[in-house]
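Report on one structure; see the data block that follows.
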Amino acid sequence: MKGHIRERSPGCWAIVLDVRDPETGKRKRRWHSFRGTKRAAQIECARLISELQGGTYLEPSKTTVAQFFERWLDHVRSQISPKSHARYSELARKNLVPLIGSISLTKLRPAAISSAYSKALTEGRRNGSGGLSSQTVTHMHRVLKQALGQAVKWELLARNPTDAVDPPKTDRRFMQTYDLDQTAELLEAMRPRRMFIPILLGVLCGMRRGEVAALRWRSVDLTAGRLAVLESAEQVGSNVRYKLPKSGKGRMLALSASVVEELRTHRARQAEELLKVGIRLSDETFVVAQADGTPLQPDSITQDWGRQLADTSLPRIRFHDLRHAHATHLLGSGVHPKVASERLGHSKIGITLDLYSHVMPGMQEDAAQRVDEALQAAISRRSK
């Protein structure tokens, strides 16, 4: 196998490879464009010849990264949830394509990817107001790595160039939540409002927004004081679908006496409200619903939460942070992390320990003190 370079214009080279067709034996030429010095072009020519000899050579393609993304997004649609697909599409089309979309797929190199990440961090916002967060750029890296991994499987690339690129270091975001006094203030302020039950389920049961929106009365046993989290509502645009919770499996939550009483009151009030429009409450009725029984969309819960929280003097946090409040209350009250993990629906206890490690120092001090007291008691008994 032979190859040579030919200068087309200053700094622009054509790398010409002589390849023989294994079936006909006829010689074919493969042309690659290259920009750089003569020495760099010679090195690239040698690299391509080496790939030819090693069987990893890929013929030059005019497919751009942007064009490949469209093919990949269509391929991956059936393998992920609609919400994940929407997020992948946004990261690919709106964040990555403006930076590297015009580059030919086979010419995408680690240096170009690294440069794109740096630019995204400094001036990546589409409104021109500055750079993207390191967390967003890390998500971009994960999407690009997955997409190019598929390109390798399809034999469009010999190797994945993202393997040689490190994403930016992400700083852990400070978790905002409410302490017990603030939680009590919140519940009292929201008691007369329709958002009271969603808030109650979030802050006293640790339920996610989608789980609250999907909860039906068939999953609530007020006599036994239990609630089964079996579904979660996922919203993409105006469309809502019901699926398994985030961990992929359901969970059973024990309800406190106060939560049972609040749900009893809510059920009776909801039944009266529905009768006014000619609807009888049943096990299929959504616990959190509009006056006509129509379920609330997850996005509407977020919007109502923001509007009604603004009427209070409490710190502005997300609806999801009510779940964090429940977790910190559990751990701060001495509940074992394993129990807290099961109640929150985490797939592994390590997730709970990692997310709420800030609650642990006091628990560790208490545990050390208890062990010390038990040991001193044992020593005292032996000395008698």
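The values are calculated or read from the model by the stated rules, or taken from the named source; none is laboratory data. Values in this document were obtained by computation on a predicted structure and should not be read as measured data. No Cβ is skipped: glycine too gets one built from the backbone with ideal geometry, and neighbour counts run over all protein chains shown. For accessibility, only protein heavy atoms count, side chains too; no ligands or nucleic acids. Shrake-Rupley method; radii C 1.70, N 1.55, O 1.52, S 1.80 Å.
Taking the criterion of being out of contact with any Pro (no Cβ under 7 Å at 6 or more places or on another chain) and open to solvent by 70 Å² or more (accessible area, probe 1.4 Å), would at least one residue in region 199-209 satisfy it?
Here is the first cut: in region 199-209, the residues out of contact with any Pro (no Cβ under 7 Å at 6 or more places or on another chain) are 199-208.
Checking which are open to solvent by 70 Å² or more (accessible area, probe 1.4 Å) leaves us with none.
Within region 199-209, not a single residue is out of contact with any Pro (no Cβ under 7 Å at 6 or more places or on another chain) and open to solvent by 70 Å² or more (accessible area, probe 1.4 Å).
Give the residues of region 175-192 that are open to solvent by less than 80 Å² (accessible area, probe 1.4 Å) and either in a helix (DSSP H, G or I) or under 29 Å from residue 270 (Cα atoms) (or both), sorted by residue number.
If the condition is that a residue be open to solvent by less than 80 Å² (accessible area, probe 1.4 Å) and either in a helix (DSSP H, G or I) or under 29 Å from residue 270 (Cα atoms) (or both), then 178, 182, 183, 184, 186, 187, 189, 190 are the ones that fit.
Here's the yes/no breakdown for (1) touching a residue at least 24 places away in the same chain (Cβ under 8 Å); (2) of a type in the set (Ser, Thr, Tyr); (3) under 29 Å from residue 314 (Cβ atoms); (4) out of contact with any Cys (no Cβ under 8 Å at 6 or more places or on another chain):
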residue	(1), (2), (3), (4)
187	no, no, yes, yes
205	yes, no, yes, yes
212	yes, no, yes, yes
216	yes, no, no, yes
223	no, yes, no, yes
228	yes, no, no, yes
235	yes, no, yes, yes
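Return the residues of region 292-315 that are open to solvent by 20 Å² or more (accessible area, probe 1.4 Å), of a type in the set (A, V, I, L, M) and within 21 Å of residue 242 (Cα to Cα); say none if nothing qualifies.
Across region 292-315, the qualifying residue is only 296.
Would it be correct to say that residue 318 is in contact (Cβ under 8 Å) with a residue 12 or more places away in the chain, in a loop (DSSP other than H, G, I, E, B) and open to solvent by 30 Å² or more (accessible area, probe 1.4 Å)?
When the stated conditions are applied, residue 318 passes them.
What is the residue count in region 265-280 for residues that are among the hydrophobic types (A, V, I, L, M, F, W, C) and either on the phi > 0 side of the Ramachandran plot or open to solvent by less than 80 Å² (accessible area, probe 1.4 Å) (or both)?
Initial filter on region 265-280 (among the hydrophobic types (A, V, I, L, M, F, W, C)): 268, 271, 274-275, 277, 279.
Add one more test, that the residue is either on the phi > 0 side of the Ramachandran plot or open to solvent by less than 80 Å² (accessible area, probe 1.4 Å) (or both), and what stays is 268, 271, 274, 279.
Going through region 265-280 one residue at a time, the tally reaches 4.
Report, by residue number, each residue of region 138-166 that is more than 16 Å from the chain's Cα centre (by Cα), open to solvent by 20 Å² or more (accessible area, probe 1.4 Å) and within 24 Å of residue 122 (Cα to Cα).
Passing the criteria: 163, 164, 166.
How many residues does region 79-116 contain that are under 30 Å from residue 238 (Cβ atoms), under 23 Å from the mean Cα position of the chain (by Cα) and not charged (D, E, K, R)? Full working, then the answer.
Initially, region 79-116 is screened for residues under 30 Å from residue 238 (Cβ atoms), giving 79-98, 101.
Keeping just the survivors that are under 23 Å from the mean Cα position of the chain (by Cα) gives 79-98.
Right, trim to not charged (D, E, K, R) and you get 79-82, 84-86, 88-89, 91-92, 95-98.
Going through region 79-116 one residue at a time, the tally reaches 15.
Hey, among the residues in region 81-104 that are in a helix (DSSP H, G or I) and open to solvent by less than 20 Å² (accessible area, probe 1.4 Å), which one's farthest from residue 131 (Cα to Cα)? Spell out the reasoning first.
Kept after step one, since they are in a helix (DSSP H, G or I), are these residues of region 81-104: 82-100.
Right, trim to open to solvent by less than 20 Å² (accessible area, probe 1.4 Å) and you get 85, 89, 91-92, 95-96, 100.
Numbers: 85: 24, 89: 20, 91: 14, 92: 17, 95: 11, 96: 14, 100: 16 Å.
Going through the qualifying residues, I end up with 85.
Kindly establish whether residue 96 is in contact (Cβ under 8 Å) with a residue 24 or more places away in the chain and touching a His at 6+ places or on another chain (Cβ under 8 Å).
Details: in contact (Cβ under 8 Å) with a residue 24 or more places away in the chain: yes; touching a His at 6+ places or on another chain (Cβ under 8 Å): no.
No, not satisfied.
Being part of a helix (DSSP H, G or I) and under 20 Å from residue 151 (Cβ atoms), is that true of even one residue in region 53-60? Lay out the reasoning, then the answer.
We begin by selecting, within region 53-60, every residue part of a helix (DSSP H, G or I); these are 53-54.
Now restrict to residues that are under 20 Å from residue 151 (Cβ atoms): 54.
Looking through region 53-60, at least one residue is part of a helix (DSSP H, G or I) and under 20 Å from residue 151 (Cβ atoms).
Tell me whether region 226-246 contains one or more residues that are part of a loop (DSSP other than H, G, I, E, B), open to solvent by less than 90 Å² (accessible area, probe 1.4 Å) and at pLDDT 90 or above.
Yes, that holds for at least one residue.
Go through 129, 89, 134 for me and flag whichever is without any contact (Cβ under 8 Å) to a residue 12 or more places away in the chain and among the polar types (S, T, N, Q). Outline the logic, then answer.
On the way: 89 fails: without any contact (Cβ under 8 Å) to a residue 12 or more places away in the chain; 134 fails: without any contact (Cβ under 8 Å) to a residue 12 or more places away in the chain.
Just a single option satisfies the conditions, and that option is 129.
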